[in-house]
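Written out below as structure tokens is the structure these notes cover.
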Amino acid sequence: MAAKLKKGDRVVVLAGKDKGKQGEITSVMPKDNKAVVEGVNIAIRHAKQTPTSQGGRIAKAMPIDLSNLALLDANGKATRVGFRFEGEKKVRYAKTTGDVI
């Protein structure tokens, strides 16, 4: 099945501690049904210092379930994603506006 949300999409969080926050998807894990969104679901991780990197408390964006994310349309509102064929090509489109993503 084709992915409704992909890397680089602008999304809004629908549920959880970061509800209402917006960000860009940096990576998607289809097998786990999760995605990492820039600036959302931040956790503090403690890292040991190495010769190449500084140690200490590092803020890291953790994965969030895809069901808690919605794509932002051209108007800046949350929308669902649909699929349709334009000619021979299958494209994603925003259900609210009908625009191709």
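The values are calculated or read from the model by the stated rules, or taken from the named source; none is laboratory data. Only a predicted model underlies this, so the values are computations on that prediction, with no experimental measurement involved. Virtual Cβ from ideal backbone geometry, glycine too; neighbours counted across all protein chains shown. Please note that ligands, DNA and RNA were not included when accessible areas were found on the heavy atoms of the full protein model with its side chains. Shrake-Rupley method; radii C 1.70, N 1.55, O 1.52, S 1.80 Å.
Criterion first (within 13 Å of the chain's Cα centre (by Cα), touching a residue at least 60 places away in the same chain (Cβ under 8 Å) and not in a strand (DSSP E or B)) does Leu5 satisfy it? Spell out the reasoning first.
Numbers: within 13 Å of the chain's Cα centre (by Cα): yes; touching a residue at least 60 places away in the same chain (Cβ under 8 Å): yes; not in a strand (DSSP E or B): yes.
Here the answer is yes, as Leu5 does meet what is asked.
Being outside any strand (DSSP E or B), of a type in the set (Val, Ile, Thr) and open to solvent by less than 30 Å² (accessible area, probe 1.4 Å) is the requirement here; does Val12 meet it?
So Val12 does not fit the description; no.
What number of residues within region 38-54 are within 17 Å of Ile25 (Cα to Cα) and open to solvent by less than 100 Å² (accessible area, probe 1.4 Å)? So that I can check it myself, show each step before the final result.
Taking region 38-54 and keeping what is within 17 Å of Ile25 (Cα to Cα), we get 38-43.
Cutting the leftovers down to open to solvent by less than 100 Å² (accessible area, probe 1.4 Å) gives us 39-43.
Of the residues in region 38-54, 5 are within 17 Å of Ile25 (Cα to Cα) and open to solvent by less than 100 Å² (accessible area, probe 1.4 Å).
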